[in-house]
Amino acid sequence: MQAILIYVDLTLAVLTLVAAPLAGVKASRLWLYVLAGLAAGRLLVAVLLLVTGGLLLADTRLSVQVPLAVLPAAWAAWRASRTAAHVAAAGSVLAVWWLLAPFAPQDTPLVLAGSAAALAAIAGLSIAVGRWRESRTRLSRLPWLTTAFLLVPATTLALAGQANASAPGHDHGGSGQLSVDQLTGPREQKPDVRVALTAARTQVRLASGATVDGLSFNGTSPGPEIRVRKGQLLEVTLVNTNVEEGVTVHWHGVDVPNAEDGVPGVTQNAVPPGGRHVYRFIPNRAGTFWYHTHRDGLLNVKKGLFGALIVEDGPASGELERTVFTHAWPGSGGDVTALDRDDRPATQAAEAGQNVRLRAINSSEEAQQIRVSGTPFHVAAIDGNPVEGATPLEPGTTLTLAAGGRYDVTFTMPAGPVTAALASTSLTFGQGGAAPEGDGGQFDPLTYGSGSPPAAEAYQRTYDLRLDDGFGFSQGRLGYVSSLINGRLYPAVPSLQVTRGDRVRVRIASRSIINHPFHLHGHRVRVLSRNGEPATGSPWWTDTLNVGRGELYEIEFVADNPGIWMDHCHNFQHGANGMIMHLAYTGVTTPFTDFPE
Ligand code: C2O
Ligand code: CU
């Protein structure tokens, strides 16, 4: 519903850009009515967004865009003078402009003042030109009026410029009580599992024979599957052979001590070619996790620097386990989506009666749709968190896996085959070709399983995150980016500040037509509601939440892992553009200075 409203709003905005110049030039009642009608349409959409989705989806539309469109257009439709038409046309265009150039809510007065000045200038200009037409006198006020009209672009640039400000949201100095490099895992204890990960340039060969100019850990991509028991100490030594951008290893979904988190510029500096770094931590929850480089993730995760980390609960269960990544490889003719390296249908041997656990991990940048056919099945875990009271899902049910997210799918192997299919390829368990595709509808974690609602306690902190796309300064260049948080780009996005022990509530809204898979490091979060609808199933714990177009999520978490943590969009392009912020504990500082993505 909200997504449709946002599409309607965009359509009205485009029509406004066509109608406004015509209304301005013709100044006829007909065109002014058209303009007023479009403005009324946008007002209606904004109100519906407010009512159905909440204030976070509608606030800057209602405070700035709609008034700028509605008031001048209504006035002009009533007056129908030439000057009124000019002002209405300009107001309508400005209203669209502020849709395309998102701003921080606290900048609303500035935006309104700049826009009002521009409209006043247009009115003055229009009157002056009208007089000049009649009297042929000199236009002495023209320079002033033009300057005034430049106010809007100037305000915009000033606001957008803040998105490029180099003031980071955390302290790089040494004044805090605690530096992140003190927040390590056990340094002395003897490790239970030791792994070496060597990163290097490699040709990655896909099943179809296509090769990718790739990167690998230990010569393969996906890298080796690391297995460790809950409570055991894992030691991983990263060696970078020749990856020029540098490498780190981030343990996605594992709530490691901050210094082991593998974020360049925050918890360490990237490991240069020839360098090494040792990670040590004790995973405290069993489940499906993964690891990937956090340096130049945009290209280097895509090229292959990732692998699975499976934390086992106890002795082997006797299940047939299969881990599979949904990955988009950078092909010569565009991305090739594959299951691991299988870009064509693949099979997995399985016997009837066997219990199967498919661990699906999405290492691509986009949400992936996986349809499981051939048998009823369960989603046994989401992002490594067991689902309570999981019920069987219809064969043919489609699972939407957030970029960075994981689902454990379990089923008992029937006599026939079971197929997990993406749009482009599939994996079939058993023999006899792919299972016939049923249509079991869409899986929804909001209502799946059963469990108790969250405790009704007070929150020590609440935050709102508005995710927008629009014009902004990214890495020194002004461009159209799908990546603003509250009108800002990293590093100018203020951190979420917490103190150890705080219970924190965050509302996150994607206000455009783009998905944002939001990932908080070092903590799992619990989903409370989506678009106002409370979560009623098993407690929905997640670390990577796909905030879909027009969606507003309310989540909570407990600040129980001190440090400076990334909270970012797992679409690496959005991250590189600046859709990154930190969760910062008071008193923690970092000595590192790299860029975190
Ligand atoms: Cu899997 Cu900061 O990311
Ligand atoms: Cu995003």
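Answer yes or no: is there a residue in the range 539-556 that is of a type in the set (Lys, Arg), surrounded by fewer than 18 Cβ atoms within 10 Å (Cβ to Cβ) and not assigned by TED's automatic domain parsing to the domain that holds Gly265.
Yes, there is a match, as at least one residue in the range 539-556 is of a type in the set (Lys, Arg), surrounded by fewer than 18 Cβ atoms within 10 Å (Cβ to Cβ) and not assigned by TED's automatic domain parsing to the domain that holds Gly265.
Can you tell me how many residues within the range 300-329 are in contact (Cβ under 8 Å) with a residue 60 or more places away in the chain and either within 16 Å of ligand 1 (Cβ to nearest atom) or open to solvent by less than 40 Å² (accessible area, probe 1.4 Å) (or both)?
20
Of all residues in the range 56-68 being open to solvent by 20 Å² or more (accessible area, probe 1.4 Å) and more than 11 Å from Arg511 (Cα to Cα), which is modelled with the lowest pLDDT?
Among those that are open to solvent by 20 Å² or more (accessible area, probe 1.4 Å) and more than 11 Å from Arg511 (Cα to Cα), it is Pro67.
In the range 356-393, how many are touching a Lys or Arg at 6+ places or on another chain (Cβ under 6 Å) and closer than 10 Å to Gly449 by Cβ?
Result for the range 356-393: 0.
Could you list all residues from the range 371-392 that are touching a Ser or Thr at 6+ places or on another chain (Cβ under 7 Å) and either open to solvent by less than 10 Å² (accessible area, probe 1.4 Å) or in the same structural domain as Trp290 (by TED's automatic domain parsing) (or both)?
Passing the criteria: Val372, Ser373, Phe377, Ala381, Asp383, Gly384.
Can you tell me which residue is most open to solvent (accessible area, probe 1.4 Å) among those in the range 213-233 that are among the polar types (S, T, N, Q) and in a strand (DSSP E or B)?
Taking the candidates together, the pick is Thr220.
Restricting attention to the range 99-113, which residues are in contact with a Leu (Cβ under 7 Å, 6 or more places away or on another chain) and crowded, with 22+ Cβ neighbours inside 10 Å?
Pro102, Phe103
Name every residue in the range 282-310 that is part of a loop (DSSP other than H, G, I, E, B), touching a strand residue (DSSP E or B) at 6+ places or on another chain (Cβ under 6 Å) and closer than 16 Å to Ala199 by Cβ, in order of residue number.
Scanning the range 282-310 gives Thr293, His294, Arg295, Val301, Lys302, Lys303, Gly304, Leu305.
Checking Gly265 against (1) modelled with pLDDT of 95 or more; (2) more than 17 Å from Val193 (Cβ to Cβ), only one condition comes out false. Which one?
In the conditions (1) modelled with pLDDT of 95 or more; (2) more than 17 Å from Val193 (Cβ to Cβ), Gly265 misses (1) alone.
Starting from the range 285-299, take each residue that is among the small types (Gly, Ala, Ser) and list its partners that are within 16 Å of ligand 2 (Cβ to nearest atom) and modelled with pLDDT under 95, counting only C-beta distances under 8 angstrom and pairs at least six apart or across chains.
Gly297/Phe572; Gly297/Gly575; Gly297/Ala576; Gly297/Glu597
Could you check the range 541-597 and list, in sequence order, the residues that are within 18 Å of Asn362 (Cα to Cα) and away from ligand 1 (no atom under 15 Å from the Cβ)?
Passing the criteria: Trp541, Val547, Gly548.
Residues are listed down the side, and each one gets a yes or a no for (1) open to solvent by 30 Å² or more (accessible area, probe 1.4 Å); (2) modelled with pLDDT under 75; (3) charged (D, E, K, R); (4) within 30 Å of Gly472 (Cα to Cα):
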site: Pro153; (1), (2), (3), (4): yes, no, no, yes
site: Asn164; (1), (2), (3), (4): yes, yes, no, yes
site: Gly173; (1), (2), (3), (4): yes, yes, no, yes
site: Gln182; (1), (2), (3), (4): yes, no, no, no
site: Lys190; (1), (2), (3), (4): yes, no, yes, no
site: Thr202; (1), (2), (3), (4): yes, no, no, no
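Please note which strands (runs of 3 or more DSSP E) are completely contained in the range 503-597 and include at least 3 residues that are more than 11 Å from the chain's Cα centre (by Cα) and away from ligand 2 (no atom under 15 Å from the Cβ).
Fully inside the range 503-597 and qualifying: 503-510, 525-530, 552-558, 580-585.
The values are calculated or read from the model by the stated rules, or taken from the named source; none is laboratory data. Fair warning: this is a prediction, and the values are worked out from it, not measured in the lab. When we count neighbours, we look across all protein chains shown, and the Cβ atoms used for this are built from the backbone with ideal geometry, even at glycine. Surface areas here come from the heavy atoms of the whole protein model, side chains and all, with no ligands, DNA or RNA. Shrake-Rupley method; radii C 1.70, N 1.55, O 1.52, S 1.80 Å.
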